[in-house]
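The values are calculated or read from the model by the stated rules, or taken from the named source; none is laboratory data. Since the model is a prediction, treat every value here as computed from it, not as a measurement. No Cβ is skipped: glycine too gets one built from the backbone with ideal geometry, and neighbour counts run over all protein chains shown.
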Amino acid sequence: MLKRIKQTAMNLRPWAIPVLLLMSWQLFTKWGLISARVLPAPTEVLAAFIDLLKTGELIHHVWVSLWRALTGFAIGGSIGFIFGLLNGLFRPAEMTFDTSIQMLRNIPHLALVPLVILWFGIGEEAKIFLVAVAVLFPVYLNTFHGIKNVDKGLMEMGKTYGLSGWSLFSQVIFPGALSSILVGVRYSLGVMWITLIVAETISSTSGIGYMAMTAREFYQMNVIVLAILMYALLGKVSDMIARFMERKWLVWHPSYQFGNTSDRGK
Amino acid sequence: MVKTNTAHLQMSGIEKRFGSIKVLKGLDLTIHEGEFVAVVGKSGCGKSTLLRLIAGLDKPSSGTIFVAGEPLTTLNREARIVFQDGRLLPWKRVLDNVILGLGKSAKDEAMKVLEDVGLVERTEEWPGKLSGGQKQRVALARALMHKPKILLLDEPLGALDALTRMEMQKLMERLWLKHQFTTLLVTHDVEEAVLLADRVVLIKDGKIDSDVRVPLKRPRHKNQIGFGAIVEHILQQILEKKSEKTSASLGYV
């Protein structure tokens, strides 16, 4: 019995500091130690959450942001992935494209914001373009290097055992590059949200960033904090999805061994 | 044992250069069908290079290799190679590694072969969870699935501990007796060579320095009469400073 209580306590320990912080935050704002102009009480953020949920505004904004993020990711990710594959697999392609891509990579994509606003105005294209540019390079780099670093011994072995072309790619090269590709995906999911936050805050008529910026004009501190929390939540969810993919596809990998996944046949 | 006198592999004047370094300098070797030949020599003498040339993984700088009378120009389709590090695909389970290049229909056959190498309970394991000896068993099984006429073994036991080596040596001999493929074993262990091979060839200065027939009865063991003398003879040859060409069959039985 005592052991079980101890175990539960151990499991809850990582949550101790967040809960403590939340509680002191609530108390300090209630006692007036923190001005409501600096930070709203957690209960007020919760109230804003419920209010905006009821009017449907929150869902609308989150949906718009999510759509932008995923569309941009799909476009930029695909381009990065395709070029990564092409340049990793074929030397002439590498000679033609790699240097140019490496040069573009060094432009901070957020520096493009003024230019992008002039090109696309404040429409959807501007945000999607920025997100696409942001995710393109991490996906490209990691795909390219993943393929370049596939064990040459395994490729040679595959060839002697009758693999070539597509079968060599699908059974040896791609699985060999996958852990690196997923690192790129995971990294770019993070960059995707950061880029979208900036893009939405600067120029938007909808989305979470827009919600926060209008709240600023009306001094609705709780809505601003809510918007920040929504971004955090979405970021966390994308990271969980990336981790899920790693667990699913890299079960064989010694660094991704979670529990007894290899006991399928027993 | 059926042994025809057809030359299965024939090499003459084989040279291999890597940049300015000449590894093989006019090597001549003929191997008959079904023969078990061990290739020994100091490290860096070119034994593995020779194996890679026979597999068709590299091309000789000059000279031609004939496989059953045909000059070898691409990958050697009759040969399968087992590498020292096994080279299993870590993302495929044991069974899927064994049927590599063959398709799902080969699964039943693969189970039989895995049983033959003593790994039938671990078919669904990831290679990363196997011991070194088990990995080499999988690599052997994978090679056997292709029913090779020539089996090339590139120091397959080099990384294993003594006990596992002994087990694997027995396994390799049993498989060879059963399947009768022409076998080339590259090893730095002279005892292993004498234990398994019909002929032990020594590479020195990029050439075949000596070619020793091992007339001992199988199954062999290290305390067999004559065993030690042959090992000693080959070791002497390896350590000798001047390379005097000897191509002798020893009289010990």
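Observations on the model:
Every residue, every condition in (1) modelled with pLDDT under 90; (2) within 21 Å of A:Val131 (Cα to Cα); (3) among the hydrophobic types (A, V, I, L, M, F, W, C); (4) not in a helix (DSSP H, G or I), yes or no:
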{"position": "A:Leu46", "(1), (2), (3), (4)": "no, no, yes, no"}
{"position": "A:Ile50", "(1), (2), (3), (4)": "no, no, yes, no"}
{"position": "A:Val62", "(1), (2), (3), (4)": "no, yes, yes, no"}
{"position": "A:Ser65", "(1), (2), (3), (4)": "no, yes, no, no"}
{"position": "A:Gly72", "(1), (2), (3), (4)": "no, yes, no, no"}
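- Residue in the range B:36-49 that is hydrophobic (A, V, I, L, M, F, W, C), under 15 Å from A:Thr160 (Cβ atoms) and at pLDDT 90 or above present: no
- Considering residues of the range A:121-148 that are of a type outside the set (A, V, I, L, M) and closer than 17 Å to A:Tyr187 by Cβ only, the residue nearest to the other protein chains (Cβ to nearest Cβ): A:Gly146
- Unique residue being within 14 Å of chain A (Cβ to nearest Cβ) and hydrophobic (A, V, I, L, M, F, W, C) when the list is B:Leu171, B:Leu153: B:Leu153
- Residue satisfying condition, being of a type in the set (Val, Ile, Thr) and without any contact (Cβ under 8 Å) to a residue 40 or more places away in the chain, within set A:Ile79, A:Ile34: A:Ile34
- Residue within the range A:182-199 that is within 14 Å of another protein chain (Cβ to nearest Cβ), of a type outside the set (Lys, Arg), at negative phi and surrounded by fewer than 24 Cβ atoms within 10 Å (Cβ to Cβ) present: yes
- The lone exception for A:Ala215 - which of (1) in contact with a Gly (Cβ under 8 Å, 6 or more places away or on another chain); (2) closer than 17 Å to A:Tyr231 by Cα it fails: (1)
- Flag if B:Thr49 is of a type in the set (S, T, N, Q) and farther than 24 Å from A:Ser170 by Cα: yes
- Residues of the range B:125-147 that turn out to be within 12 Å of chain A (Cβ to nearest Cβ) and in contact with a Ser or Thr (Cβ under 9 Å, 6 or more places away or on another chain), as a count: 4
- Yes/no for B:Lys178 being surrounded by fewer than 18 Cβ atoms within 10 Å (Cβ to Cβ) and either in contact with a strand residue (DSSP E or B) (Cβ under 7 Å, 6 or more places away or on another chain) or under 22 Å from B:Thr6 (Cα atoms) (or both): yes
- Restricting B:Lys129, B:Lys135 to residues that are without any contact (Cβ under 8 Å) to a residue 12 or more places away in the chain and either in the same structural domain as B:Thr187 (by TED's automatic domain parsing) or among the charged types (D, E, K, R) (or both) narrows the list to B:Lys129.
- All positions within the range B:70-113 that are among the aliphatic types (A, V, I, L, M), within 12 Å of chain A (Cβ to nearest Cβ) and touching a residue at least 24 places away in the same chain (Cβ under 8 Å): B:Ala79, B:Ile81, B:Val82, B:Leu88, B:Leu89, B:Val94, B:Leu95, B:Val98, B:Ile99, B:Leu100, B:Leu102, B:Ala106
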